[in-house]
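Below is one structure, written out as structure tokens, with a few remarks after it.
The values are calculated or read from the model by the stated rules, or taken from the named source; none is laboratory data. Since we're looking at a predicted model, the values are computed, not measured. Because the Cβ atoms are built from the backbone with ideal geometry, glycine has one as well, and the counts that use them run over all protein chains shown. Side chains included, ligands, DNA and RNA excluded: accessible areas come from the protein's heavy atoms. Shrake-Rupley method; radii C 1.70, N 1.55, O 1.52, S 1.80 Å.
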Amino acid sequence: MGGTNVWDAEWEVSEEQARTLIGIQFPQLSSKQVKRLGWGWDNTVFLIGDEYVFRFPRRTIAVGSIRMEGKLLPKLEAYMTVPYPKPLFYGEASDVYPAPFLGYTYVPGDFPISLTEERRALSAETLAKFLRRLHEFPVQAALECGVQIDHRNLTDITSRKMKLESSLSKVFAHLSSRESAAIEAYISGLHTDRVEGVNALLHGDLHFKNMLVNENGIVSGIIDWGDLNVGHPACDLSVAYSFLPKYARGVFFETYGGTDEETKLLARLIAVYIPVGILIQAVDDGNEAIVAEAKSNIMRALSE
């Protein structure tokens, strides 16, 4: 039974259940070790041997995303400049488990937590080139695969501000006076109500929990594509503010090309908004490392 948080599961999958489900539908994998890697709002993730990752939906709302990923992700290969998980195994719902599930190529790397600003800056061009190519993918082809159009209404800044203020009320006790003051000053200085809509294919959830880096701290993989949607590029370009130090943003936007001030305004807002959501969950989970990283993302986004 689901809980009261948006990330609470409607159903859970243990390592033993995952092993059984995979073994029934993909017997060629039955001898491989199954290890739970973690979970997000929508899926529980398992490493199969050293080669594959399987994602099992935890909530009904995630089922459509799994089906959409299975259709669209293979079509992105010619556009990708950074490794990403490619679907290989398409599991179907059954009497044993109520949802489809998906197995992908495993993308190695570490989450970019506690990186120095210098190491973050090394990924400015990598991230910009990746997003430029992703945003060039034909929108119509994405829509034909079931991708939604701006389902979160991100261009409505007034609404986003209200949701941000509501979310912050849940974590103010975990912010320092300096952090609280900086966020409040930023929100009070936002006077734009809405930006004009632009349609591009988006990753849709580009933050430190969906990025991988190599031993040098350079972005080496982008994972968790369940929020693929068509909408304003600012949603993805927010990574320039949340992940990159301010002195690396010029290189990022020059490499990406053609970004106006309205887009940057929305990108910065989303760069604050997304880590606040991560912060709320991390506080609920008692994960201090994620709490610290989310807070550093927020403060980095606010740096001028």
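Of note:
- For segment 26-36, a tally of residues being open to solvent by 60 Å² or more (accessible area, probe 1.4 Å), assigned to a helix (DSSP H, G or I) and in contact with a strand residue (DSSP E or B) (Cβ under 9 Å, 6 or more places away or on another chain) returns 0.
- Residue 183 open to solvent by less than 40 Å² (accessible area, probe 1.4 Å), in contact (Cβ under 8 Å) with a residue 40 or more places away in the chain, among the β-branched types (Val, Ile, Thr) and in a helix (DSSP H, G or I): yes
- Boolean, residue 214 is more than 26 Å from residue 62 (Cα to Cα) and within 19 Å of the chain's Cα centre (by Cα): yes
- Unique match (being part of a loop (DSSP other than H, G, I, E, B), farther than 19 Å from residue 114 by Cβ, open to solvent by 30 Å² or more (accessible area, probe 1.4 Å) and in contact (Cβ under 8 Å) with a residue 60 or more places away in the chain) among 227, 284: 227
- Residue check: residue 61 meets all listed conditions (1) closer than 29 Å to residue 280 by Cβ; (2) among the hydrophobic types (A, V, I, L, M, F, W, C); (3) free of Cβ contacts under 8 Å to residues at least 40 places away in the same chain; (4) crowded, with 19+ Cβ neighbours inside 10 Å but one, namely (4).
- Residue match in segment 10-17 (condition: within 22 Å of residue 108 (Cβ to Cβ) and open to solvent by less than 50 Å² (accessible area, probe 1.4 Å)): no
A quick yes/no check of all residues on (1) open to solvent by less than 10 Å² (accessible area, probe 1.4 Å); (2) among the basic types (Lys, Arg); (3) touching a strand residue (DSSP E or B) at 6+ places or on another chain (Cβ under 8 Å); (4) modelled with pLDDT under 95:
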| position | (1), (2), (3), (4) |
| --- | --- |
| 207 | no, no, no, no |
| 218 | no, no, no, no |
| 223 | no, no, yes, no |
| 234 | yes, no, no, no |
| 240 | yes, no, no, no |
| 244 | yes, no, no, no |
| 251 | no, no, no, no |
| 254 | no, no, no, no |
| 257 | no, no, no, no |
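- Looking at 260, 284, 193, just one residue is among the charged types (D, E, K, R) and in contact with a helix residue (DSSP H, G or I) (Cβ under 6 Å, 6 or more places away or on another chain), and that residue is 193.
- Selection within segment 146-178 - of a type in the set (Asp, Glu) and surrounded by fewer than 16 Cβ atoms within 10 Å (Cβ to Cβ): 165
- Within segment 137-166, residues that are closer than 16 Å to residue 274 by Cβ and of a type in the set (Lys, Arg) sit with their Cβ atoms under 8 Å from residues that are modelled with pLDDT under 90 and open to solvent by less than 60 Å² (accessible area, probe 1.4 Å), at 6+ positions apart or across chains, in these pairs: 160/154.
- Exactly one residue out of 102, 88, 72, 127 is in a strand (DSSP E or B) and open to solvent by less than 80 Å² (accessible area, probe 1.4 Å), and it is 102.
- Number of residues in segment 186-199 that are without any contact (Cβ under 8 Å) to a residue 40 or more places away in the chain and open to solvent by 60 Å² or more (accessible area, probe 1.4 Å): the value is 4.
- Residue within segment 261-280 that is open to solvent by less than 10 Å² (accessible area, probe 1.4 Å), part of a loop (DSSP other than H, G, I, E, B) and not small (Gly, Ala, Ser) present: no
- Selected residue (criterion: modelled with the lowest pLDDT) from residues of segment 28-86 that are among the small types (Gly, Ala, Ser) and in contact with a helix residue (DSSP H, G or I) (Cβ under 8 Å, 6 or more places away or on another chain): 40
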